[in-house]
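The values are calculated or read from the model by the stated rules, or taken from the named source; none is laboratory data. From a predicted model like this one, the values you see are computed outputs, not experimental measurements. So basically every Cβ, Gly included, is an ideal-geometry build from the backbone, and we count neighbours across all protein chains shown. All accessible areas refer to the heavy atoms of the entire protein, side chains included, with ligands and DNA or RNA removed. Shrake-Rupley method; radii C 1.70, N 1.55, O 1.52, S 1.80 Å.
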Amino acid sequence: MKNPTIVLGVIGADCHSVGNKILEKFFEGKAFIVVNLGVMVKQHEFIDAAIETGADAILVSSLYGHGEIDCLGFRENCIERGLENIILYVGGNLVVGKCERQLIKEKFTQMGFNRVFTPDCDLEEVATLLKKDIGAAKAVKTS
Amino acid sequence: MKNIISIDIGSTYTKGALFSLVENTLSLEKSASVPTTPDNLLSCFDEVLERLSAKKKHELFFSSSAKGGLKIAAIGLVPELTLSAAKEAAISAGARVSELYSYKLCENDISALSKNPPDIILLSGGTDGGSETYNLHNAAMLAKADIKTPVIYAGNRCISSEIERILSGTELYIVENVLPGLEMTSPEPTREKIREVFLSKITAGKGLDKIVEKTSAEPWPTPYSMLEYLKEIYEFRPDFGDFCLVDMGGATTDVYSCGGVSSSSSTVIQKGLPEPQVKRSVEGDMGMRKSASAVFENMNAEISESLKQANLPVSLFEKYLRKIDGDSSYLPQTENEHVFEKILAEACFSGSMKRHAGTEEEIYTPQGKFMLRKGKDLRETGKLIGTGGYLAKMKSFSPLDCMKATEKKSSLIPLAPDYYVDEKYLFPLLANISFKYPEAAVNKGIEVLSKAKQQVLKCH
């Protein structure tokens with residue numbers, strides 16, 4: 001079976017590029033095919049790239065606190081473009097100010113993201129979860 | 001000394017010139033131009049040859065854009081990605097893209113293709129290892145339709161053999177993907193195949209086979225030949241620098257740019273597919289005759305403003321449009337008609353240039369101001385060349401004051417280039433010669449350009 005393909009990028013008007021580069025190298029090291037769109041990526045650009053590359057998952061980063069506004073309607077837009085079952089991950093400094101980690105996770109899960117990560121997450125764990133989620137999605141598709 | 005004849009069969013006129021070649025230097029001996037005879041291209045070709053006193057021993061080169069040129073329908077997946085890459089590849093091969101289809105082909109698309117078949121269908125979609133389902137669906141739709149048109153497949157290479165199986169009843173050519181990955185385009189293999197198919201299959205349908213039979217010279221699609229020529233000028237004469245060329249005809253306006261490829265920096269974010277160093281764009285709704293009404297529609301605000309400044313009523317301009325629409329060889333007679341012609345040319349020029357160049361937008365972020373850039377940045381381009389009927393004749397035409405940039409999304413057009421005119425309309429002819437004598441053709445091309453009075457862009 002070929003290695004899973006993931007689309008990576010920093011959403012909205014966010015120009016933080018260092019973390020984005022680290023994620024690219026990290027996931028490549030974990031045998032993912034990484035399509036990195038870099039910084040200042042719009043929702044439709046993530047979706048375009050995922051369609052064209054036949055991606056298994058989209059990983060959205062946000063560091064500047066406006067993640068909630070930028071991610072509104074992401075799942076709905078995926079459904080509209082025929083990516084009903086694509087795996088959506090989001091991570092970073094997702095909201096402004098202090099907010100309970102659990103509340104943030106709930107908020108983004110309700111928006112249709114499969115998993116939500118705060119800055120203290122362990123990347124090794126993310127990679128393991130991602131492989132598991134992609135495997136499960138493929139099993140559903142073929143069954 | 002060698003005698004060289006180069007002929008270009010255009011949609012309206014067939015032009016030719018006789019050159020002598022001595023020690024790698026070309027000299028123009030004679031030129032000729034006759035109306036193109038679409039029903040029998042050999043007849044206009046022969047007449048030009050005759051006028052250039054073809055009895056003399058000579059070497060012959062020719063190109064053609066007659067009978068609608070080379071018509072390609074491009075099929076891709078996402079409009080901004082593979083479809084855009086396929087369109088660019090077709091245009092750089094000298095084609096006119098007659099239809100664009102994204103995502104899945106439907107029954108209506110297939111019946112439109114069968115009713116009005118293009119010369120070639122270019123099927124792309126998916127990066128290598130990427131999407132498969134759309135291409136398989138589209139190939140099956142084409143197979144079902146029983147279309148006689150040759151198909152070039154330039155999509156996801158992982159399913160090439162399946163595509164081959166589905167389209168086994170079709171004349172199919174498989175080449176490298178036009179977009180192997182999102183970070184790189186690969187137009188060359190597609191371009192080369194388009195040219196091959198043009199030569200082996202399409203020349204006969206366009207009536208060029210009789211010329212090939214008689215002269216044993218092979219035709220080039222005019223814009224293909226032009227693009228290769230400009231690449232050579234850019235490569236062999238670095239002293240000439242970055243430049244743009246605008247070829248304004250009756251039906252279309254072609255823009256070529258050499259240079260202006262920009263990349264992301266600490267304050268500029270570059271978006272979209274990577275741009276080629278030498279790029280062609282063609283605007284099917286920008287032209288001085290057949291497309292004149294479309295120009296008025298597209299550039300209504302600019303044209304109305306120019307008419308107001310010239311104190312001329314719109315109704316009179318519309319009347320003129322109807323006149324030239326019915327008679328494509330009409331030349332302006334009165335003073336007003338000359339002004340109309342100038343206003344129309346300015347609109348074509350600035351409209352086509354703005355579509356060709358990239359754009360830049362200011363974005364304010366919590367990290368400060370950034371520029372979001374798309375396409376080519378031609379602001380520093382030093383030279384602008386005008387060619388084609390109107391631009392070749394009107395040396396006094398100054399395109400620079402019509403190219404005002406809009407405020408919000410700034411157009412990255414040349415800011416203060418020197419304007420040059422190809423007065424004798426020799427560029428398409430030299431382009432044909434450059435395949436065999438690149439150095440001589442490049443030097444002659446730069447020599448024949450005459451510099452118009454320099455203008456500084458008024459407003460930006």
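What angle, in degrees between 0 and 90 and rounded to the nearest 10, separates the Cα long axis of helix A:18-29 from the longest principal axis of the Cα atoms of chain A? Long axis of A:18-29 versus the principal axis of chain A: about 20 degrees. Solvent exposure of chain B, expressed per residue, is 43 Å² of accessible area, with all protein chains present and a 1.4 angstrom probe. Across chain B, C-alpha contacts under 8 Å between residues 6 or more apart give a mean separation that, scaled by the residue count, equals a relative contact order of 13 percent.
Quick one: putting +1 on the C-beta of Lys and Arg, -1 on the C-beta of Asp and Glu, what dipole do you get for chain A around its Cα centre, in Debye to the nearest 20?
For chain A, the charge dipole is close to 300 debye.
Considering only B:Ala85, B:Asn135, B:Ser200, the residue lying farthest towards the positive end of the dipole of segment B:70-200 is B:Ser200, judged by Cα position with unit charges set on Cβ. Angle between the Cα long axis of helix A:43-53 and the longest principal axis of chain A, 0 to 90 degrees, nearest 10? The answer is roughly 20 degrees. Comparing A:Val126, A:Val35, A:Val18 in a Gaussian network model of chain A where C-alpha atoms under 10 Å apart are linked, the largest mean-square fluctuation is found at A:Val18.
About its Cα centre, the protein assembly as shown has a charge dipole of approximately 600 debye under the convention of +1 per Lys or Arg Cβ and -1 per Asp or Glu Cβ, with nothing else charged. A quarter of the convex hull surface defined by the alpha-carbon atoms of the protein assembly as shown gives 30.7 nm² as the mean projection.
Around B:Ile211, what is the net charge, scoring Lys/Arg as +1 and Asp/Glu as -1 over all other residues with Cβ under 12 Å from its Cβ? Walk me through the numbers on the way to the answer.
Numbers: positive: B:Lys206, B:Lys210, B:Lys214; negative: B:Asp46, B:Asp209, B:Glu213, B:Glu218.
Charge balance in the 12 Å sphere: -1.
In this entry, segment B:223-458 is assigned a mean projected area of 13.8 nm², taken as a quarter of its C-alpha convex hull surface.
Using a 1.4 Å probe on protein heavy atoms only, how many Å² of accessible area do A and B hide from each other, summed over both chains and rounded to 100?
Details: alone 7920 and 20550 Å², together 26870 Å².
In total, chains A and B hide about 1600 Å² from solvent.
State the dimensionless ratio Rg/Rh of chain A (Rg: radius of gyration of Cα atoms; Rh: Kirkwood radius).
Values: Rg = 14.1 Å, Rh = 15.1 Å.
Rounded to two decimals, Rg over Rh is 0.93.
Estimate the FRET efficiency between B:Glu213 and B:Phe435 by the formula 1/(1 + (r/R0)^6), using the beta-carbon distance for r and 35 Å for R0, to the nearest 0.05. Computed FRET efficiency for B:Glu213 and B:Phe435 comes out at 0.95.
Only beta bridges with both residues in segment B:223-458 are counted; by DSSP, about 65 percent of them are antiparallel. Taking Cα atoms only, the orientation of helix A:101-110 departs from the longest principal axis of chain A by about 50 degrees. Could you state the number of Å between the C-alpha centres of segment A:16-74 and segment B:1-43? If you average the Cα positions of each part, the centres end up 55 Å apart.
Given a 1.4 Å probe and every protein chain left where it sits, what share in percent of the accessible area of segment B:136-189 is carbon and sulfur?
Values: 1290 of 2500 Å².
Here it works out to 52 percent.
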